[in-house]
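Have a look at the structure below before the remarks.
Nothing in this text is a laboratory measurement; each read-out follows from the coordinates by a stated rule. Since this is a predicted model, take the numbers as computed values, not measurements. Here Cβ is always computed from backbone atoms with ideal geometry, including for glycine, and neighbour counts include all displayed protein chains.
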Amino acid sequence: MEYLNRINEAEVTFQDLWHIAGEAEEARDLGNIMLLIAKRFHGQPSKGSAVLFRLQALARLLEEHGAPGWALPPQADGAIPTQEWVFAAAAVQPLVLINEELCFEHESFLYKVLELAEVEGRG
């Protein structure tokens with residue numbers, strides 16, 4: 001659990017996730033994505049790990065459950081077009097351990113997406 005706490009305590013921003021996700025569209029391979037993260041967060045191993053685990057948890061959530069209204073179904077190339085609010089939620093929503101994998105709890109994650117979108121909508 002100590003590792004999970006360290007990952008959740010690492011400060012990750014929407015911009016961190018959005019930037020890597022954009023570059024990862026070209027990389028497509030976990031090894032290349034890890035290289036992108038290592039270059040971008042050189043000297044910040046906790047943040048780099050948190051970014052990787054959050055992106056993996058987001059991909060798993062979208063593949064297994066989807067995010068109706070916030071993301072389209074997977075495309076022919078495997079891409080899942082996703083609104084920015086989903087990445088904003090992925091930056092702040094705590095990861096949980098489910099079946100020994102770091103994940104986002106689906107329902108609370110979607111509530112976080114909605115909460116962030118509503119707050120911005122009022123601004």
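Using only DSSP helix segments of four residues or longer, with each worth -39500 (n - 2.57), what per-residue ellipticity at 222 nm results for the chain after dividing by its residue count and rounding to 500? Result for the chain: -20500 deg cm²/dmol, rounded to the nearest 500.
I need Ser49, Ser108 ordered by Cβ neighbour count within 10 Å, fewest first.
Values: Ser49 16, Ser108 12.
The fewest-first ordering by Cβ neighbours comes to Ser108, Ser49.
Among Phe41, Phe14, the ranking by other beta carbons within 10 Å of each residue's beta carbon, starting with the fewest, stands as Phe14, Phe41.
Based on Cα contacts under 8 Å between residues 6+ apart, the chain shows a relative contact order of 27 percent. For Leu102, nonlocal amide neighbours, meaning residues 5 or more places apart or on other chains whose placed amide H falls under 5 Å from its own, do not occur.
Note on Ala38 and Leu97: their simple-model spin labels are 2.6 nm apart, each label 7 Å out from Cα toward Cβ.
Cα centroid separation, the range 95-112 to the range 59-91: 14 Å.
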